[in-house]
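A quick write-up on the structure given underneath.
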Amino acid sequence: MEQLRFRQVHLDFHTNPDIENIGGNFDADEWIDTLKEARVDSITIFAKCHHGLSYYPTKTGVVHPHLKIDLLKAQYEACKAADINAPIYISAGTDTWISDRHPEWREARPSPDGRTYTQWGLAPGFLKLCFNSPYLDYLTAQIEEVARLYPECDGIFLDIINQGECMCPSCIKWMKDNGLDPSLPESRKKCAARGLEEYYRRSTEAARCVNPRMRVFHNSGHVAKNNTDILKYFSHLELESLPTGGWGYDHFPMSASFVSGLGMDFLGMTGKFHTTWGEFGGFKHPNALRYECMQMLAFGSKCSVGDQLSPDGRLDKSTYSLIGSAYKEVEAKEKWCAGARRVADIAVLSREAETGRREADNGTGRVLLEGHYLFDVINRSMPFEPYRLLILADDILADEDLGKKLQAYLRGGGRIILSGTSGLDPQKKGFVIDTGCRYIGESPYQPDYLKAGGFLSPEHVSSPVVMYLKSSQAELTDGAALGEVYYPEFNRTWEHFCSHQHAPAGKKSPFPGAVLNKAENVLYYAHPIFEIYGDLGAVIYKELAQKGIDYMLKKPTLKTNLPSSARCTLTRQKNSYVLHLLYANIMSRGDERVLSPEGYVRPSRKTEVIEELLPLYDTEITLDIPEKATEVLSVPDGKPIPFCRREGKICFTIDKFTCHAMIEIKTEG
């Protein structure tokens, strides 16, 4: 299958039936000229939108009442003639037209008091349909129709793919027919899982009814790390991650760091909007889009930028000037990204994959990104052996299978960092690997305090540090203690409280704050330190975590003096490495409030934005790679960079870069 192209646009077109002149001003020459000028080489075009309306003469669905031309065909033929790929979009999870006529097909989610409700009301917005209902027959007929009309299109993009617990008539019937009690959450979860699996199977079959190699992507806004079984229904992945739309700038690196290990081609998806989808007349600063696209390249991804087409079918000139400003740079650099493989020293065993929760993953990611470590995010089905260090953050319990895999990894020379309750058996009776300590139970205090010692000692603090989440009590056996836990005077209650938050540190507990086992291949933190850093952001928490990582990693592949807000990755191509350096001064702007009671305005919120791109000077790089370097070049300009070998490592300095630098290290063999 042809690899995904690097410079894509995802074109939203959700258009209310009361809007007139749909596609009436579409001009094929203008369309192609605009895309070519912006260096776009693939654009997702619409067959059917969330309103349930089609933009071609459908026989299975409903044509938009004010459609002037076969817009899908006109866009498709123009793109194919200009060698621009044209995947086709079909809204799957929502369809306002059919929802209004078949309300019994809507998801009816149970409320806390046991009653059910079907989304209705007067609030504007799209309603979710149930895949267990006859709606799935209606939907798959539409998918098959598009696949038969356009068997050579460049993929089918299916949107809003999720299935909640539902008590619509179809779900209740299925549960009763299969001996399940609809009043029980576990029954509703089984029904939901059945409906989602049925959707994946039938929709993928419909998309490939003519062309068995048709690309198919099912979008749910996030690639879940704990449900990779569904990937058999995907041809590739698209990582929806609009930094200003609520995802933030740390979401994409973590998502890409997981997906890169799945062996699937993938692209990142941001937006041209300042906020999120559905924003007409909203634009982010060109420097922000430039950084986002360079971040995609750095983390091994192709690029996609979200836009929303005007109802008359004309592309907005300002939008494509904005996109072009980033895509011209992508075009110049993509040669050094095609087929590149990530280099990583550290693996993060995803907490989301184990428990469904992301908080510890987010905190771990920030510690690693800000410390410029080379890492991947993995699940337990992926190999541990390629990595020098494995991190299990905060509450990853280890069943028999995972315990055996961890033990084998240690026997092979690997090192592990555990925190909180990670590494305990599912009953929390004890650790499944040698940690140098014995688990006793959960601390009765929250918060308590950590006074770190040994190689964990902070640079500027010698006093006990408040730790906001509960610690685990672990009794030292043959390991080395790296600090102590201090109890507060008391927990805060209506009877006992002190000052505005919590009581000060009182007596020292009998339990260590961290332990290094005798073999020095397992480091254990008693607190869930990664989630604490993710939640609170205090630099001292990061310092405590990074000191442990540095000690356990021993010989990192990369060392640099970049500031913590910069990012770096290292990739491998044939006979060369490519180092990516990224930097932008990301700021939080805006406020959280309802803007106006009149009309419809989305409530505002604090948003991470990029405006200025400031240069960085004298960036020092030390690389410890096994191959002999023959040349170091700045690419794509090809400028040689002086380098030397020091203690077997390659050392060089980047005098200055702005936003993104790519450095090619050519090697022998």
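Every number in this text was worked out from the coordinates using simple rules, so none of it is lab data. What you are looking at is a predicted structure, and each value in this text was computed from that prediction instead of being measured. Because the Cβ atoms are built from the backbone with ideal geometry, glycine has one as well, and the counts that use them run over all protein chains shown.
The shape of the chain comes out oblate: with a ≥ b ≥ c from the C-alpha gyration tensor, a/c is at least 1.5 while a/b does not beat b/c. With the largest listed first and rounded to whole Å, the semi-axes of the equivalent ellipsoid of segment 376-457 from the Cα gyration tensor are 23, 16, 12.
Let me see the pair-distance distribution of segment 494-543: every alpha carbon pair, 5 Å bin width, integer percents in order. Binned Cα distances yield the sequence 4, 14, 15, 19, 23, 15, 5, 3, 3, 0. For the peptides 247-255, 1-9, the ranking by packing is 247-255, 1-9, with the highest mean count of neighbouring Cβ atoms within 10 Å listed first. Name the shape class, rounded, prolate or oblate, that the alpha-carbon gyration tensor gives for segment 559-667, where a ≥ b ≥ c are the square roots of its eigenvalues, rounded holds for a/c under 1.5, and otherwise prolate holds if a/b is larger than b/c and oblate otherwise. The shape class here is prolate.
Using mean Cβ contacts within 10 Å as the protection proxy, how do 64-75, 358-369, 403-414, 653-664 order, highest first?
The densest-packed peptide leads the list: 358-369, 64-75, 653-664, 403-414.
Charged side chains reduced to their Cβ positions (Lys and Arg at +1, Asp and Glu at -1) give the chain a dipole of some 1140 debye around its Cα centre. Solvent-free Debye calculation, one equal scatterer per alpha-carbon of segment 293-339: log10 I(q)/I(0) at 0.15, 0.16, 0.18, 0.21 Å⁻¹ equals -0.46, -0.51, -0.61, -0.74. Just the number, please: percent antiparallel of the DSSP beta bridges in the chain, rounded to the nearest 5. Bridges in the chain are about 60 percent antiparallel. For segment 7-338, averaging the sequence separation of C-alpha pairs within contact (under 8 Å, six or more residues apart) and dividing by the residue count gives a relative contact order of 20 percent. Taking 26 Å as the straight-line reach from the Cα of Lys48, the lysines in range (excluding those fewer than 8 positions away in the same chain) are Lys36, Lys59, Lys68, Lys73, Lys80, Lys128, Lys232, Lys272, Lys302, Lys317. With N counted as the residues of segment 1-131, its alpha-carbon radius of gyration over 2.2 N^0.38 Å works out to 1.27. Consider all pairwise Cα distances in segment 59-98 and report the whole-number % of them above 13 Å. The proportion of pairs with Cα distances above 13 Å equals 65 percent.
Can you tell me the orientation of helix 135-149 relative to the chain, as the angle in degrees between its alpha-carbon axis and the longest Cα principal axis, to the nearest 10? That works out to roughly 70 degrees.
Which of rounded, prolate, oblate describes segment 344-556, given a ≥ b ≥ c as roots of the alpha-carbon gyration tensor eigenvalues and a/c under 1.5 marking rounded, otherwise prolate only if a/b is larger than b/c? In terms of gyration-tensor shape, prolate.
Each of Tyr373, Tyr55 was scored by other Cβ atoms within 10 Å of its Cβ. Listed from fewest to most, they are Tyr373, Tyr55.
Under 5 Å between amide hydrogens, built in the peptide plane, is the criterion, and for Asp12 it picks out Asp307, Gln308, Leu309 among residues at least 5 positions away or on other chains.
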